[in-house]
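First the structure, in the form of structure tokens, and then the observations on it.
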Amino acid sequence: MINRRKFLSATALMAGSLAGGAISNIARAENAAPAQGGAGTAPGIPFSFEALVRRMKEKAAKAFDAETPELPEILSELDYDRHRAIRFSPDRAVWKDTAGNYRLQAFHPGWLYKEPVELFEIAGDETRPIRFTGADFEYREPLDPEQFKELELPGIAGFRLHHPLNTPDVFDELIVFLGASYFRALGKGNVYGLSARGLAIDTAISGPEEFPRFTRFYLERPTEGAAEMRLYAELESKSVAGAYQFTIKPGVNTVVEVDARIFLREDVERLGIAPLTSMFLFGENDRTGFDDYRPEVHDNDGLLILRRNGQRLWRPIRNPEALALSFFQEESPAGFGLLQRDRDFDNYQDTEAKYQRRPSLWIEPVNGWGRGHVMLAEIPADKEIYDNIVALWVPEAGGKAGSEHRFAYRMIWGANPEPGTELARIVRTSTGHGGAAASDPDSKFRKFVVEFAGEAISGLGADAPLQPRLTVQNATVKHHFVQRLEGGSWRAVVDVERKTAETPVEFALALQLNGTDQTETWMYQWSGNS
């Protein structure tokens with residue numbers, strides 16, 4: 001699991017304030033020799049994404065070169081506390097003195113970030129390196145700034161882009177690329193929450209997971225008045241080489257269009273496309289074992305899958321007692337994502353974490369993805385500093401060495417990025433011991449209460465023939481009913497008795513009128529604690 005608190009601390013502290021700075025970084029680098037082997041890194045050679053794709057395909061045919069520039073000893077020995085004392089100097093931000101709508105700040109290498117990342121600027125027909133030195137950062141106590149004053153950095157840990165996202169006169173944080181192939185973005189009014197990755201290799205298999213990383217980025221110099229930002233990246237690991245194009249469109253919901261070209265060097269057991277990583281500690285459906293004044297603690301509360309036929313599957317997230325995997329077989333899905341539907345502060349009561357403002361992230365395939373499945377991995381966690389939820393697309397075929405793939409998709413980050421629907425949505429999942437309130441708890445019995453709300457059912461009277469479409473695996477339904485609540489929402493109540501303790505109970509539930517679904521389909525897995 002990822003320690004999110006350290007990641008967030010690094011993101012917030014290393015980058016410094018929200019204000020921008022000067023472009024001396026590039027000016028110093030104009031006469032520097034370009035990095036060897038790059039895609040169009042020499043002055044006068046126009047950058048081409050297709051040339052980058054060809055280069056990465058050629059690299060995939062060769063053995064992976066794991067060697068990276070070594071960090072100076074003063075950086076390699078940095079611990080967490082000393083690393084977090086390093087902040088980017090606000091007056092050194094790249095592109096601050098231009099008329100463009102973007103500013104770039106760098107993250108300092110060291111501590112967890114020992115493999116440097118290279119940056120290049122694309123400006124017209126020129127592609128030139130962006131280099132940073134110790135002069136671009138502030139070294140605060142307990143560090144001695146004099147030790148870093150003349151330090152030449154072999155690369156950076158990552159970077160972030162700023163843009164006037166919330167108000168026209170402030171360059172807010174917009175998107176961060178930091179660590180392996182991780183990145184995260186914000187819509188208007190959001191605070192950082194879940195992360196995305198460029199690619200996942202062998203997530204939640206019996207063997208170790210492999211973490212490809214972005215090694216180089218090529219950023220188009222922002223032009224005056226341009227709302228979009230485009231950048232490109234090289235991705236590599238032992239099993240894969242890839243070329244990525246990102247087109248960033250800030251807004252109420254920030255859209256990131258991704259064109260990923262992937263070339264496998266070695267066989268991969270589980271190829272994970274558009275992987276999402278989040279945190280769920282406890283919520284209304286799962287509070288077992290947490291003595292906390294806050295009602296809920298999570299970045300996202302559910303996985304939504306939109307099928308091509310318009311059916312919507314809603315799977316509330318859990319914090320299980322043991323690793324839990326769920327697989328949803330699909331063919332060219334219309335989309336999937338991890339969402340934070342609950343936006344009411346009263347349901348979180350956390351003035352610091354602001355969970356009600358964490359972004360949802362919706363993935364919308366652009367080209368046909370074919371057959372495969374959406375995988376949800378839920379990992380036990382006892383603290384909110386851990387990212388313990390993973391959702392990704394696993395293509396049915398394509399894990400063979402020598403295979404190549406193109407996955408184009410649209411990422412929508414924001415408070416409400418999910419597509420509209422006429423179906424009533426699932427707004428609450430609650431659970432407790434089965435049977436009547438006065439009955440003694442029995443570990444084999446469980447009650448599940450699902451609330452649906454939306455125009456499709458809000459106007460129905462209490463006597464409307466709204467019926468549950470319910471399937472249950474590994475349990476016997478002991479009791480169930482549907483009732484209308486004040487305000488027009490509807491509730492389905494299901495009591496079940498589990499058959500085999502070693503096997504999870506799987507649910508699928510929707511409300512129908514005259515045999516037609518009027519609601520999303522509630523999917524759930526009961527594996528013991530909730």
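The values are calculated or read from the model by the stated rules, or taken from the named source; none is laboratory data. Here the structure is a predicted model, which is why all the values come from computation and not from measurement. Positions of Cβ are backbone-derived with ideal geometry, glycine not excepted, and every protein chain shown enters the neighbour counts.
Of the residues Glu126, Glu77, Glu138, which is touching a strand residue (DSSP E or B) at 6+ places or on another chain (Cβ under 9 Å) and closer than 30 Å to Thr223 by Cα? If you could, list the steps in order and put the result at the bottom.
Numbers: Glu126 fails: touching a strand residue (DSSP E or B) at 6+ places or on another chain (Cβ under 9 Å); Glu77 fails: closer than 30 Å to Thr223 by Cα.
Matching residue, one of Glu126, Glu77, Glu138: Glu138.
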Qualifying positions in segment 295-326 - among the aliphatic types (A, V, I, L, M), touching a strand residue (DSSP E or B) at 6+ places or on another chain (Cβ under 6 Å) and closer than 12 Å to Asn388 by Cβ: Val297, Ile317, Ala324
Wholly enclosed strands (runs of 3 or more DSSP E) of segment 186-239 bearing at least 3 residues within 15 Å of the chain's Cα centre (by Cα): 195-197
So Val252, is it within 29 Å of Thr98 (Cα to Cα), in the same structural domain as Phe64 (by TED's automatic domain parsing), in contact with a Gly (Cβ under 9 Å, 6 or more places away or on another chain) and part of a strand (DSSP E or B): no
Residues that are under 30 Å from Glu77 (Cβ atoms) and either without any contact (Cβ under 8 Å) to a residue 60 or more places away in the chain or over 23 Å from the mean Cα position of the chain (by Cα) (or both), drawn from segment 93-105: Ala93, Val94
Some residue of segment 523-530 being among the hydroxyl-bearing types (Ser, Thr, Tyr), crowded, with 19+ Cβ neighbours inside 10 Å and in contact with a Lys or Arg (Cβ under 6 Å, 6 or more places away or on another chain): yes
Residues (without any contact (Cβ under 8 Å) to a residue 60 or more places away in the chain and closer than 18 Å to Ile385 by Cα) located in segment 340-352: Tyr348, Gln349, Asp350, Thr351, Glu352
Which listed residue, of Ile74, Ile130, is β-branched (Val, Ile, Thr) and under 28 Å from the mean Cα position of the chain (by Cα): Ile130
Residue match in segment 135-158 (condition: among the β-branched types (Val, Ile, Thr), closer than 15 Å to Met229 by Cβ and assigned by TED's automatic domain parsing to the domain that holds Gln356): no
Given (1) touching a Phe, Trp or Tyr at 6+ places or on another chain (Cβ under 8 Å); (2) touching a residue at least 24 places away in the same chain (Cβ under 8 Å), number of the condition Gln483 does not satisfy: (2)
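Going residue by residue through segment 172-184, is there one that turns out to be assigned to a strand (DSSP E or B), in contact with a helix residue (DSSP H, G or I) (Cβ under 9 Å, 6 or more places away or on another chain) and either outside the structural domain of Leu361 (by TED's automatic domain parsing) or acidic (Asp, Glu) (or both)? Talk me through it step by step, then tell me what you get.
Within segment 172-184, the subset assigned to a strand (DSSP E or B) is 172-178, 182-184.
Okay, now just the ones that are also in contact with a helix residue (DSSP H, G or I) (Cβ under 9 Å, 6 or more places away or on another chain), so 173, 176, 178, 182, 184.
Still in the running and either outside the structural domain of Leu361 (by TED's automatic domain parsing) or acidic (Asp, Glu) (or both): 173.
Yes, some residue in segment 172-184 is assigned to a strand (DSSP E or B), in contact with a helix residue (DSSP H, G or I) (Cβ under 9 Å, 6 or more places away or on another chain) and either outside the structural domain of Leu361 (by TED's automatic domain parsing) or acidic (Asp, Glu) (or both).
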Wholly within segment 264-351, strands (runs of 3 or more DSSP E) carrying at least 2 residues that are farther than 30 Å from Ser237 by Cα: 280-282, 302-306, 312-316
Qualifying residue in segment 274-281 (condition: touching a strand residue (DSSP E or B) at 6+ places or on another chain (Cβ under 8 Å) and at pLDDT below 95): no
Any chance Arg491 is in contact (Cβ under 8 Å) with a residue 40 or more places away in the chain, of a type in the set (D, E, K, R) and farther than 22 Å from Thr421 by Cα: no
Residue ID - surrounded by the fewest Cβ atoms within 10 Å (Cβ to Cβ), chosen from residues in segment 57-91 that are of a type in the set (Phe, Trp, Tyr) and closer than 20 Å to Phe211 by Cβ: Tyr80
Of residues in segment 240-251 being touching a residue at least 60 places away in the same chain (Cβ under 8 Å) and in contact with a strand residue (DSSP E or B) (Cβ under 6 Å, 6 or more places away or on another chain), the one surrounded by the fewest Cβ atoms within 10 Å (Cβ to Cβ): Gln245
Lone unmet requirement of (1) more than 18 Å from the chain's Cα centre (by Cα); (2) within 19 Å of Thr277 (Cβ to Cβ) for Gly370: (2)
